[in-house]
Amino acid sequence: MTSAGILDPRLPSPLQEVADDRFDRHGVRLLLKRDDLIHPDLIGNKWRKLVPNIEAAAGRPLLTFGGAYSNHLRATAAAGRLLGFPTVGVVRGEELAGRPLNPSLARCAADGMRLHFVDRSTYRRKAEPEVLAGLLRAAGAQHAYVVPEGGSNAAAVRGCRALGEELRGRTDVVAVACGTGGTLAGLAAGLGAGQRALGVPVLKGGFLAAETARLQVAAFGARSGDWSLDERFHFGGYGRTTPALHAFAADFEDRHGVRVERLYVAKLLFGLVELAAEGAFGRGTRVAAVVTA
Ligand SMILES: *Cc1c(COP(=O)(O)O)cnc(C)c1O
C-alpha cells in the first residue's frame, strides 16, 4: 500500500468559489483551493511535499530541521505517527533544550518525534557535509533519510506538481503563499497552458525568485510554467504580523466562514485583495487562492 492509502487524504482537495465584493466589483472571481482539508493532522502543502520523501526513505528514520514553531516539523512528526516511521527533528536553538516545550514542539514530541537541539551557528551550517555528518552522529541517526529545512527538495517539488494538475482548466491564476518556494515551483509546473501562478513570499529578502528557479531545475531539469512573485506582502518578515493583518483575517473569517491561518494564508489573501483593487486582474479572471493551512 502506498503512504497515500494509509493516510487516506482528501484528494483532489476541494475548490470553492466565494462571493466577495472586493473582487466582484472588478469582475474577478475568487476561488479557494482547500488544501487545508486534505488531512486533519497534516498541513496540506507539507503533506504534498512529504509523501514522495516518505516513499524515498523506505522505512528509514526521517530527519529534518526547523525552528521552534515550524509547520514542517509538525507535519513530519504527524506523518511519522500516522505511518509508523521514526522521525528526528533538529531544532534551531540550543537554549530550548531542557526547557518546557512550546505547544508546537510538544505536539512533535507527542507524535513520537525525537528532538535534537543545536546552537544557531551549527544550525546555519547544517547543509555543509561535515556539519551534517556530525549532526547525524550526535542525534544517533547516521542512517536517517534527510529532508531539508522547510521540506523543499526535488522530490517535494515534484509532489506539488499535483496541486497544479488538479487546477488545470479550472482557474486562470493560482496564488500561493511562499516560504521556501517549493510549493510554488511544483504548482507552476503542473498548470496547463494559459494558466499562471503567483507567489506571495512571507519572508523578507528578495531571494525567492532565484530559489524557486533553482528548485525547478533540481526537480524538472529546467524552469517550468508561468510564474511570478509579488514581494510586497510579507508584513515585516516570517512570523511577523500587524494589527491590520489580524483585522483583515478576522473579517475574512466572518465573511466566508473559513479559518484564516495568520502567518501565510492571511498575507496571501491580503495581497490578493490589494491586487484586485489595483486592477491587476482583468474582468472575468478566475483567481484561485491556495488555502495551505
Ligand atoms: C510551509 C507553508 C507554506 C509555504 O510552502 P513553501 O513550499 O515552503 O513555499 C505556505 N503555507 C503554509 C501554511 C505553510 O505551512
Fill in the blank from the handout: All-but-one check, Gly150 against (1) at pLDDT 95 or above; (2) within 13 Å of the ligand (Cβ to nearest atom); (3) open to solvent by less than 50 Å² (accessible area, probe 1.4 Å), failing number (1)
Fill in the blank from the handout: Reported set for segment 231-251 where residues are open to solvent by less than 20 Å² (accessible area, probe 1.4 Å), under 21 Å from Ala288 (Cβ atoms) and over 17 Å from the mean Cα position of the chain (by Cα) is Ala249
Handout entry: Every residue from segment 153-186 that is buried (at least 23 other Cβ atoms within 10 Å of the Cβ) and more than 21 Å from the chain's Cα centre (by Cα)
Key = none
Exercise for the section: Report yes if some residue within segment 84-91 is within 16 Å of the ligand (Cβ to nearest atom), modelled with pLDDT under 95, open to solvent by 10 Å² or more (accessible area, probe 1.4 Å) and not in a helix (DSSP H, G or I); otherwise report no. Expected result: no
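Condition (residue is away from the ligand (no atom under 13 Å from the Cβ), under 17 Å from Gly150 (Cβ atoms) and open to solvent by less than 40 Å² (accessible area, probe 1.4 Å)) applied to segment 252-270: is it met by at least one residue?
Residues of segment 252-270 away from the ligand (no atom under 13 Å from the Cβ): 252-258, 270.
Filter again for under 17 Å from Gly150 (Cβ atoms), leaving none.
Within segment 252-270, none of the residues are away from the ligand (no atom under 13 Å from the Cβ), under 17 Å from Gly150 (Cβ atoms) and open to solvent by less than 40 Å² (accessible area, probe 1.4 Å).
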Practice task
State the number of residues belonging to segment 120-176 that are more than 30 Å from Gly194 (Cβ to Cβ), touching a residue at least 24 places away in the same chain (Cβ under 8 Å) and of a type in the set (Lys, Arg).
Solution key: 2
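The values are calculated or read from the model by the stated rules, or taken from the named source; none is laboratory data. Quantities reported herein were computed from a predicted structural model and do not represent experimental measurements. Cβ coordinates were reconstructed from backbone atoms using ideal geometry, including for glycine residues, and neighbour counts include every protein chain displayed. For the accessible areas, the whole protein counts, side chains as well, though only heavy atoms, and no ligand, DNA or RNA atoms are used. Shrake-Rupley method; radii C 1.70, N 1.55, O 1.52, S 1.80 Å.
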